[in-house]
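*Asks:* Here's a structure for you.
The values are calculated or read from the model by the stated rules, or taken from the named source; none is laboratory data. Remember, it's a predicted structure, so these values are computed and weren't measured experimentally. So basically every Cβ, Gly included, is an ideal-geometry build from the backbone, and we count neighbours across all protein chains shown.
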Amino acid sequence: MTTDLPAPLRMRRAMTSLITLLGGVSLAVIPAATVSISSRLFSEQEQGVIAVAVMVATFAGQLAFAVVVESRLSSAATERRVVFPLWLAALSVLTAIVLAFNATNPVVLCIALPILVAALEVGRGVSVAERLDGREIWASVVVGIGALLGVAAGFAGQSWALIPLVAGIAVATCIRCLPVEHEASRPEPAVMGWVVADTAITGVIYPLLNAMILTFLGPSDAVLFISIATVSGLLAIPLNFLRLRLLKEHSGLDIVVSAGAVLAAVVALVVLELSGVLGFVFGEAWTASATLLPLVLACGWRAASLATTIPFAALRRRGEVRLLTGLRAAVSAMTFALAALGLWVQSLSAVFIGLLVAELLSAVVYEWARRHRTSRVQRAATSTAGKVQNPGRGADPEATSGASV
């Protein structure tokens, strides 16, 4: 536990955690940079399709993360060690090369995005879980520089603007797949099945929702939805970081660091919105509509995940995979229903209100489940201790009586 460490070591670990956490910005900027560059290179209809592809890529990344990282971290009977698979790294680098030679083809971009994002999710997840902070800092810097150069080239109207972006991803992938001393734990098959199932149930909602927005509200609203979701995704960086650390062990220090980062991210996004920076980055899809209210609601939705993450990770550490899958299925159905109700109103703000309410209700559900399971385990432990202290308790009354005579 981090609270058992000396004060100087706790401070050093907090600073390292903060630096690694900030490195997560590199993962969040990829969807944002892709949307920004696409707004300068492709038609409005193509941008709408790419917006859905970004959500599909995020979903693919979540599934890959569940298979490679989370299933092992949730396998309580193992050492819970993870590594970056070389096959995924090689596939990602090859995909980046193909996309670099077809940088103006929206179809190739839509096909490549799920593979590239999956490698980014898994690579960062492994680095954070195993505390490979040095390599993660360098990888994050490379991804950030590639995204920045790509967005700048997009502003300049250059047709090759996607090339620096994918080059940064390829180099970062190579850094993250450097050899490590440990081997990956073999996940428990049943645990992997449950983890992947509940990830799929939860993750499929958002690409489906964005596809419905594209169908019923048009490409402009679909691009705006993914833009706001991507920008508010800055808050998901400390939340994902916290989730990874809590899957290993409970840490009050990481909770405090992550909560502070969430608050700072909300302030930063509001400042960027009021100063017009976000409108400049995302172009006409952002400036054509009022975005302050949807952005604030989206930030509230993301920030509410902090209350969900803590009990969720506690249940994961205990190996409660079946319970979590059932809870996630119920929560996902509720989330989709509330978001779809907002879509029926034909308002993106209403969609984000639905997502926010669903997240708050989810936190209540997970916390109730955590307390219920904790109290049940405590009762079982008390009962076991009582039987050990009184071994004759519960024995046949007649046998006990005969022995006393």
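*Asks:* Taking only the range 287-322 into account, find how many residues are within 14 Å of V195 (Cβ to Cβ) and not aromatic (F, W, Y).
*Replies:* 9
*Asks:* Residues T287, T291, T325: which one is in contact with a helix residue (DSSP H, G or I) (Cβ under 8 Å, 6 or more places away or on another chain) and free of Cβ contacts under 8 Å to residues at least 12 places away in the same chain?
*Replies:* After applying the criteria, what remains is T287.
*Asks:* In addition: Count, please, the residues in the range 279-296 that happen to be assigned to a helix (DSSP H, G or I) and either crowded, with 22+ Cβ neighbours inside 10 Å or of a type in the set (D, E, K, R) (or both).
*Replies:* Total meeting the criteria: 6.
*Asks:* Which one is modelled with the highest pLDDT, of the residues in the range 332-364 that are among the hydroxyl-bearing types (S, T, Y) and under 16 Å from I205 (Cβ atoms)?
*Replies:* Filtering the range 332-364 for residues that are among the hydroxyl-bearing types (S, T, Y) and under 16 Å from I205 (Cβ atoms), the one modelled with the highest pLDDT comes out as S362.
*Asks:* Could you tell me which of the residues I97, I137 is closer than 18 Å to I30 by Cα and modelled with pLDDT of 95 or more?
*Replies:* That would be I97, the only listed residue that is closer than 18 Å to I30 by Cα and modelled with pLDDT of 95 or more.
*Asks:* Being modelled with pLDDT of 90 or more, in a helix (DSSP H, G or I) and of a type outside the set (F, W, Y) narrows it down to one of A329, A304, A261, A314, so name that one.
*Replies:* So the residue among A329, A304, A261, A314 that is modelled with pLDDT of 90 or more, in a helix (DSSP H, G or I) and of a type outside the set (F, W, Y) is A304.
*Asks:* For R40, work out the one condition from (1) within 25 Å of V151 (Cβ to Cβ); (2) under 20 Å from the mean Cα position of the chain (by Cα); (3) among the basic types (K, R) it doesn't fulfil.
*Replies:* Only one criterion is unmet by R40, namely (2).
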